[in-house]
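Engineer: Here it is, the structure, as structure tokens.
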Amino acid sequence: MNIKKLIITLTSVLAFSVSSASADGHVKYSVTADNVSEYSAMLTPGMINMFSAYPDTFRMDVYESGGRCTMDSSIMAISNSNGTMINDNEGFEVPNMGQIPFPDPSHAQHFVWNYRMFAGSVSAVDRVQTSARVTADGAITTGQQETSISFPINPNTKTMYADKNLFALFMQKNLGPPRTAGTVTLVHDFIDSYMQPRKAWQYSPATRRVRRAPNISYDTLTTAGGGIVTVDQFGGFNGAQDRYDWSYEGKQAMIVPFMNDALAENPIADTHGVGHLNPDYIHYEEKEVAIIHATLKDGQRHLYASRTFYITTDSYYIVAQDIYDGQGNLMRNAINTLSTNIGGLGGDCSINGEFTFDFATRQFAGNNMLGNAINSVPAVYNGPSKDVSFYTPDGLRRYAR
């Protein structure tokens, strides 16, 4: 196997820019509990269940198209043919440096890889993002996480790393709420997890020690997710794909969240309601999506026995997800919203806000929320890269204290 070919997946810079995108515009129609049956063929099971759970308050305003996230012409020019998945589809090789891994996707994991690898379109990230947990009675608890991420083999990354299978270096310090404040997590994430499983370390303020954290993967719950978000749900989906059998269910025009700058420009007290986000601030559009289903393999364990992903076909964003338990019951509905209001991206599209709605507890959680109405510290994408020593256990100790 050619490791050098494998590592170029990081530079599959799906540099999406938005074409005439705006969260403003005209509402074509609204879906409510009264007319949901008319649109059920274009809605995910999770969305339909939201109308059942919150018939008096849940609404979906569907806007005229606000543009689309388009791929950079230089990337399109070299994305002439698909790569080849290797190692039980846990890695892949591609013909051209920097291409879209699978410009003509036909396999379920082609779409997953295209989505996963667009993170490498930036060289470095420094941000303080906000998380929020909303209980069934509407009480809101917020937290913040100071996060630095380096994508080592992006052409613009200043620091070089010896391990060419390294996809991302991730350091996150929890600033609040108080029960998690001071916890710091370091992750080395690899492109091909068959070759190299994820490595992680965590600092606990209670013990003032750094320990290896082998469970920072799969269905371990995140510290910022209010007890309803798994580690591999971060960003929509991340990490190893090996616990699931994947199937491609085809393409379909569906109603999904898209441009939502309004979430970044308004305070959480306004945008977060009881049981769900305030419909006045959520922008849905009719978009073509690929429907990808993941079913837990025999003998494997995961909190989520199956999950269905809805991935836009023009830009490979996971915009919605249905999550099922071992009895086949719909546990959770999840959506990702996009924004063009992120520093350092020059107006390009980016996920800004990941929301998970739990039907059993009637609570929901929002993660990775950015914006001038939410955070006083602007996010910086494509800024200076941290030195390699920052992303080491010793660097973790220094940073934590």
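The values are calculated or read from the model by the stated rules, or taken from the named source; none is laboratory data. None of the values given here were measured: they were computed from a predicted structure. Cβ placement follows ideal geometry from the backbone for every residue including glycine, while neighbour counts extend to all protein chains displayed. Accessible surface is based on the protein model in full, side chains and every heavy atom, while ligands, DNA and RNA are left aside. Shrake-Rupley method; radii C 1.70, N 1.55, O 1.52, S 1.80 Å.
Engineer: Using helices alone, I'd like the mean residue ellipticity at 222 nm for the chain: each DSSP H run of four-plus residues gives -39500 (n - 2.57), total over residue count, nearest 500.
Structural biologist: Details: 8 runs with 50 residues, N = 401.
So the helix-based figure for the chain works out to -3000 deg cm²/dmol.
Engineer: Another question about this same structure. For the chain, what relative contact order do you get, as a whole percent, if you take Cα pairs closer than 8 Å and at least 6 residues apart?
Structural biologist: Numbers: 993 pairs, mean separation 77.5, N = 401.
Value for the chain: 19 percent.
Engineer: Working only with C-alpha atoms, what are the Rg and Dmax values of the chain, expressed in angstrom?
Structural biologist: 20.0, 59
Engineer: A further question on this structure: Cross-chain or 8 or more residues apart, Cα under 20 Å: how many lysine pairs in the chain fit that? Count them up, please.
Structural biologist: Lysine pair count for the chain: 11.
Engineer: I need to check one value: relative contact order of the stretch 171-251, counting alpha carbon pairs closer than 8 Å and at least 6 residues apart, in percent.
Structural biologist: Working: 102 pairs, mean separation 14.1, N = 81.
Dividing the mean separation by the residue count of the stretch 171-251 yields 17 percent.
Engineer: Going by the alpha-carbon gyration tensor, a ≥ b ≥ c the square roots of its eigenvalues, is the stretch 260-401 rounded (a/c under 1.5) or, if a/c is not under 1.5, prolate (a/b greater than b/c) versus oblate?
Structural biologist: Verdict is oblate for the stretch 260-401.
Engineer: Okay, next question. Hey, got the dipole for the chain? About the Cα centre, +1 on K and R Cβ, -1 on D and E Cβ, debye to the nearest 20? Can you show the working numbers first?
Structural biologist: Numbers: 30 positive and 38 negative charges, 389 e Å.
Dipole magnitude for the chain comes out near 1860 debye.
Engineer: For the stretch 59-146, what is the relative contact order in percent, using Cα pairs closer than 8 Å and at least 6 residues apart in sequence? Numbers along the way, then the final one.
Structural biologist: Values: 76 pairs, mean separation 14.7, N = 88.
For the stretch 59-146, the relative contact order is 17 percent.
Engineer: Same structure, new question: Would you be so kind as to identify which of 238, 202, 271 lies farthest towards the positive end of the dipole of the stretch 198-307, taking Lys and Arg as +1 and Asp and Glu as -1 on Cβ and the Cα centre as origin?
Structural biologist: 202
Engineer: Of the accessible area of the chain, with the probe set at 1.4 angstrom, what percent is carbon plus sulfur? Intermediate values should be presented prior to the final figure.
Structural biologist: On the way: 7740 of 15810 Å².
Of the solvent-accessible surface of the chain, carbon and sulfur hold 49 percent.
Engineer: Oh, and also: What ranking, highest mean first, results for peptides 306-312, 78-84 when packing means the other Cβ atoms within 10 Å averaged over each residue?
Structural biologist: Numbers: 306-312: 22.7, 78-84: 16.9.
Peptide ranking by packing, descending: 306-312, 78-84.
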